[in-house]
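**Student:** I'd like to ask you about the structure that follows.
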Amino acid sequence: MKKYSKIVDGWFSEICPMWPGVALSIKIEKVLYSKKSKFQQIDLFQTSNFGKMLVLDGIIQLTEPDEFAYHEMLAHVPMFSHPDPENILVVGGGDGGILREVGRHDCVKNIDFCEIDEEVIKVAKEFLPNIACGFDDPRVNVHIEDGNAFVHAQKNKYDVIIVDSSDPIGPGEALFEHPFYEGLKAALKPNGIIATQGESFFLHKECVTNLVKITKELFSVQAYSYILVPTYPGGHIGINLGSLGPELKKPNRKIPDNFQNQLKYYNSDIHAASFVLPQFTKKMFQGI
Ligand code: GXQ
């Protein structure tokens, strides 16, 4: 992928044709890592006020002070919607943040993890130990493979599948298309749930509408939720969910107090509230 983002006078600006004419800038103190892997350019910055920041092909993947919002919601909304999730698949998210959150659920017996780029895992383990600690869980089995191919090889196996993908430009492109969602459905057990990185309804109306359409075609229950994340474009990002059984808009299990105490964003109120959409977004999804 061509890189558009740049650093001018110590300010990193996240420039991308997916959000033309608008960019988030973050002041950089130091470049801690910068290298091209087989798949993408990987940069790790020490920022002035936002901790460390992981950037792939010029696109912000996470910053330390707000990663909890994205990782908690993308993991716990589908996990608490399922009455008894035991076998989990996580696709993408080489930083380990989703693994850390899924691992908090005692009912989980196995977590398969598929990431295309081994280098991202290495960088996270070296520079982001509070996120990459997800890899320390003995229930995690790491597969370095293309997510699309891996999913298509699994049948009737998982209770919950979480897709923590990058944007649909670059290595993550296939993860936004119909065949991948067919693969997700086939990889699920009868009561299974999927949750995928759902982009931003303010910025990519067509992309988001298309994800919702595909999911509605394939799953009996579909819902769209969103998270506030200051360092993603527009300050928000969606979760696109599909279910073969359980309802999605309310937790189907109670959160134990000692679990809730570890979290900073997710709770049962925000689970339900995150599905309440602005009028223009409701309209976008009407009739599809
Ligand atoms: C963190 N574990 C991985 N995945 C983060 N751009 C994403 C990477 C890029 C991104 C969103 C999530 C947002 C584009 C605007 N919707």
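The values are calculated or read from the model by the stated rules, or taken from the named source; none is laboratory data. Since this is a predicted model, take the numbers as computed values, not measurements. Neighbour counts run over all protein chains shown; Cβ positions are idealised from the backbone, glycine included. The protein model used for the area step is the full one, side chains on, heavy atoms only, and it has no ligands, DNA or RNA in it. Shrake-Rupley method; radii C 1.70, N 1.55, O 1.52, S 1.80 Å.
**Student:** When the residues of the range 166-202 are filtered to those that are assigned to a loop (DSSP other than H, G, I, E, B) and modelled with pLDDT under 95, which remaining residue is surrounded by the fewest Cβ atoms within 10 Å (Cβ to Cβ)?
**Tutor:** Selected residue: I169.
**Student:** Out of (1) in a loop (DSSP other than H, G, I, E, B); (2) open to solvent by 20 Å² or more (accessible area, probe 1.4 Å), what's the single condition that is false for N258?
**Tutor:** Among (1) in a loop (DSSP other than H, G, I, E, B); (2) open to solvent by 20 Å² or more (accessible area, probe 1.4 Å), N258 violates only (1).
**Student:** Taking interchain pairs and intrachain pairs at least six residues apart, which have beta carbon atoms under 6 angstrom, with the first residue in the range 232-243 and closer than 28 Å to E182 by Cβ and of a type in the set (S, T, N, Q) and the second assigned to a strand (DSSP E or B) and within 11 Å of the ligand (Cβ to nearest atom)?
**Tutor:** If the second residue must be assigned to a strand (DSSP E or B) and within 11 Å of the ligand (Cβ to nearest atom), the pairs left are N240/T196.
**Student:** Considering only the range 235-255, state which residues are outside any loop (DSSP other than H, G, I, E, B) and of a type in the set (K, R).
**Tutor:** none
**Student:** Another question about this same structure. What are the pairs, 6+ residues apart or on separate chains, where a residue within the range 273-288 that is more than 18 Å from K249 (Cα to Cα) has its Cβ under 7 Å from a residue that is in a helix (DSSP H, G or I) and open to solvent by less than 90 Å² (accessible area, probe 1.4 Å)?
**Tutor:** Every condition considered, the pairs that remain are M284/T209; I288/T209; I288/V212; I288/K216.
**Student:** For a quick check of your reading: which strands (runs of 3 or more DSSP E) sit entirely within the range 1-87 and have at least 1 residues that are of a type outside the set (D, E) and surrounded by 22 or more Cβ atoms within 10 Å (Cβ to Cβ)? Write out each step before concluding.
**Tutor:** On the way: elements: 6-8, 11-14, 24-36, 41-47, 52-56, 59-63.
Those strands (runs of 3 or more DSSP E) span 11-14, 41-47, 52-56, 59-63.
**Student:** Hey, can you tell me all the residues within the range 203-227 that are touching a helix residue (DSSP H, G or I) at 6+ places or on another chain (Cβ under 6 Å), assigned to a strand (DSSP E or B) and surrounded by fewer than 22 Cβ atoms within 10 Å (Cβ to Cβ)?
**Tutor:** Q222
**Student:** Say whether the condition of being open to solvent by less than 10 Å² (accessible area, probe 1.4 Å), within 13 Å of the ligand (Cβ to nearest atom) and at pLDDT below 95 is met by at least one residue in the range 130-150.
**Tutor:** Within the range 130-150, none of the residues are open to solvent by less than 10 Å² (accessible area, probe 1.4 Å), within 13 Å of the ligand (Cβ to nearest atom) and at pLDDT below 95.
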